[in-house]
Structure formats: structure tokens, C-alpha cells
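Visitor: One structure is given below, represented as C-alpha cells, and several questions about it will come after.
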Amino acid sequence: MNFKNKKVLITGASRGIGKATALAFAEKGAQVGINFRSNVEQAQKTLEELPGSGHQLFQGDISEKENCQTLVADVVKAFGQLDVLVNNAGISIFHEIDAVDFEHWTQAWEGTFKTNLFAAANMTYCAAQAMLKTGGGRIVNVSSRGAFRGEPTKPAYGASKAALNAMTQSLAKKLAPYNIYLGVVAPGFTETEMAAVTLTPAERDNLLRESPFKRMAQPKEVAHAILFLASEGAEYTSGTIIDVNGASYLRS
């Protein structure tokens, strides 16, 4: 896969899957825009690790819809165009229906959908407008196996990712005539920096037992699938959902 001179924007790219994806695109010659919300120090560290030149940081909370327009406009102004958008930013809030009050419940649903679905939809809209002017592009959305298997402790997360899948497939049909191709990567639990500090030993053991590989996904493995969907030659996979979960959840 060669992304030489391609202009790529990745949301939530200062760490985890987003960081691994930024590194992978940069290694293949792309010019990468790293979107982050608040952690300037971490974003700067990620930027400094990217091989090549011309990469930039773009700060902005994309859960606020006006920031989506500003972000895409800033990227196009800085890079000249936008070839690839990766909607990676997402949040996960525990809200077990038998353990939380109504206020917590409603806030979890509203906050989760605002970031995981509405922000991705708004970013997709703004990116598509830019891509229509340049003859096409690629949009890859990062979903989750939770969209299929259910998330009993955080149902809004599973629901938001299922909706993200449906949105992607609807727009894959709509935008194909304009040479804009969309795809989804649905990871299982991934070994990120956050997982390393938040998982208890018991939780880690349970996760390791879920996959016959007896391990979690590495961020670079998820990034590899993202790059495939964004690559030239993958156009006919538009609308595809690629599972990256180590056979921990198999769907028919």
C-alpha cells in the first residue's frame, strides 16, 4: 500500500488506535493530520514520532458540530485537499441499567451518541464536501465488535457503533458514483495505553480467554485493516465491515 502524497485526517489520533494509524499512514508516505481534543503534550509526542514531513496537529472537540466544519476547512487549507478521513475518535461510558440513576443513564446515551455517531456523521459530511471537489476519497470508520455482540454494561456504546455501521453502508451506496468509498473496521478489545492502566488483572484474564489467540489486538493490527480500506484497489470493498477481533466474536 502506497499513500505517497495523500492527505489524511485521523480523529482522536494522539494515542491508541489513532496513533498507530497515523504512524502507519506516515510510514507509507502520507501527510497526516492528527486531530485531538485536549492533550496537547501527548499529541505533540505522537507528531514527533511520525516519519516523513508535513504532518500537523489539529486541535478540536468534534462532538461540537461547528468544530467539524472548522477542522475539515483547516486541513484542506493546510494540505490543499483531503484524500482520506479516518473517524476514530470515540468514548465509552459504563451505565448498567440496574445500577445507575436516570440522570446518569440519559447523560451516557447523549454523550456517547454525540461523539461516536453524530461527530462521525458530521465529519463524514464535511469531508465528503471537500472530496466532491477533488474527484473522490476514502472514509474509514472505526466501529467495534460491540455493535454485534451487545454491550450489557454500556449499551449506548454498542448501539452507537451499530448505527455507525449502518450509516457507513448507507453512504457507501450514495457516494460510490462520486468515487468516495467508505468502510468500517470493527476491532475487539485492543491493547492500548488506556487498557494498560484501567484493566484489573481479572478483567485482563477474561479478555485474553475470549480469543483463541489468547491475547488482545495490537493497535497496529487495527491500523493495517484501516489502511487496506483506504488504499487504491480496495474500491470494490466499499461498504465492507472488517472484523479485527482475533476470532473472539464470529458473525454470520
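Visitor: Under 17 Å between alpha carbons: how many lysine pairs meet that in the stretch 7-244, if sequence neighbours fewer than 8 apart on the same chain are excluded?
Guide: Lysine pairs meeting both conditions in the stretch 7-244 amount to 13.
Visitor: How large is the direction-averaged shadow of the alpha-carbon convex hull of the chain, in nm²?
Guide: Details: hull surface 53.8 nm².
Mean orientational projected area (the chain, Cα hull): 13.4 nm².
Visitor: Using the Karplus curve 6.51 cos²θ - 1.76 cosθ + 1.60 with θ = phi - 60°, what ³J(HN,Hα) values do you get for each residue of the stretch 21-27, in whole Hz, with x for Gly and Pro?
Guide: 5, 4, 4, 5, 5, 5, 5
Visitor: I'd like to know which of A163, G136, I62 lies farthest towards the positive end of the charge dipole of the stretch 7-244, counting +1 on Cβ of Lys and Arg and -1 on Cβ of Asp and Glu.
Guide: G136
Visitor: Further, regarding this structure: Using Cα centres only, tell me the gap between the stretch 178-252 and the stretch 1-44 in whole Å.
Guide: 17 Å
Visitor: Here is a further query. In percent, how large is the relative contact order of the stretch 7-244, given Cα pairs closer than 8 Å and 6 or more residues apart? Please list the in-between numbers first.
Guide: Numbers: 444 pairs, mean separation 47.9, N = 238.
Relative contact order of the stretch 7-244: 20 percent.
Visitor: Let me ask you something else. Where does helix 119-134 land angle-wise versus the long Cα axis of the chain, in degrees 0 to 90, nearest 10?
Guide: Its long axis makes an angle of about 20 degrees.
Visitor: Can you give the local net charge around V8? Use residues other than it whose beta-carbon is closer than 11 angstrom to its beta-carbon, Lys and Arg +1, Asp and Glu -1. The partial results should precede the final answer.
Guide: On the way: positive: K6, K7, K28, R138; negative: D83.
Taking every other residue near V8 into account, the sum is +3.
Visitor: Please determine, in degrees from 0 to 90 and to the nearest 10, the orientation of helix 40-49 with respect to the longest principal axis defined by the Cα atoms of the chain, where the helix direction is its Cα long axis.
Guide: 60 degrees
Visitor: Separate question: Could you work out how far helix 155-175 tilts from the main Cα principal axis of the chain, as a 0 to 90 degree angle to the nearest 10?
Guide: It is inclined by approximately 30 degrees.
Visitor: What list of ³J(HN,Hα) couplings, whole Hz, do you get for the stretch 13-20 from phi and the Karplus terms 6.51, -1.76, 1.60, once you set θ to phi - 60° and write x for glycine and proline?
Guide: 9, 7, 7, x, 4, x, 5, 4
Visitor: Another question, then. Output the relative contact order of the stretch 1-112, whole-number percent, from Cα pairs under 8 angstrom with separation of 6+ residues. Could the numbers behind the result be given before it?
Guide: Working: 177 pairs, mean separation 31.4, N = 112.
That works out to 28 percent.
Bear in mind these aren't lab numbers, they're just calculated from the coordinates by the rules spelled out. None of the values given here were measured: they were computed from a predicted structure. Positions of Cβ are generated from backbone atoms using ideal geometry, with glycine treated the same way; all protein chains shown enter the neighbour counts.
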